[in-house]
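Structure, as structure tokens:
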């Protein structure tokens, strides 16, 4: 094998509002969980069955964390691309614990908001890559606003 790949792609809904924290370096991080579901028909009973899986997501990078903080909330439908990481930590009793998370950090990450942009329920997928800065997002927003009534929106896309 010449190399390796560590890439996770998920499309799901947030189970709770994101939690934003400051880390020792002074930067911010966001954590939240995404639910993904699969549905099938049971061959024996002919009943519809489904299974929901929960995935812990960690986001680094002040620009992307700011977007998560402002526009992502419980129930939001999002698409994420990140890297799978397992970290070891100790609980209050000193026991070793392990957490596996999808980490969005650097240029290989992607967060796409899939919810509707306005109250008219016009679905418009918006990608926010980690290589974009907040000012780039604001410039993009001003170039996309053609109607003056949309300029009152607080959303930068």
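A few points about this structure:
- For residue 66: the one exception among (1) under 21 Å from residue 114 (Cβ atoms); (2) touching a strand residue (DSSP E or B) at 6+ places or on another chain (Cβ under 7 Å): (2)
- The residue list 5, 72 contains one member that is closer than 22 Å to residue 108 by Cβ and in contact with a strand residue (DSSP E or B) (Cβ under 7 Å, 6 or more places away or on another chain), which is 72.
- Scanning the stretch 27-53 for residues that are in contact with a helix residue (DSSP H, G or I) (Cβ under 9 Å, 6 or more places away or on another chain) and either outside any strand (DSSP E or B) or over 19 Å from residue 108 (Cβ atoms) (or both) gives 27, 28, 32.
- Matching residues in the stretch 78-121 - criterion: being surrounded by fewer than 16 Cβ atoms within 10 Å (Cβ to Cβ), assigned to a strand (DSSP E or B) and touching a residue at least 12 places away in the same chain (Cβ under 8 Å): 84, 85, 86, 87, 98, 99, 100, 112
- In the stretch 58-77, the residues that are assigned to a strand (DSSP E or B) and touching a helix residue (DSSP H, G or I) at 6+ places or on another chain (Cβ under 8 Å): 59
- Residues within the stretch 2-19 that are free of Cβ contacts under 8 Å to residues at least 60 places away in the same chain and buried (at least 16 other Cβ atoms within 10 Å of the Cβ), tallied: 1
Bear in mind that the values in this text are calculations on the coordinates, not laboratory data. What you see is a predicted model, and the numbers here were worked out from it, not measured in a lab. In this analysis, Cβ positions are derived from the backbone assuming ideal geometry, glycine residues included, and neighbour counts consider all displayed protein chains.
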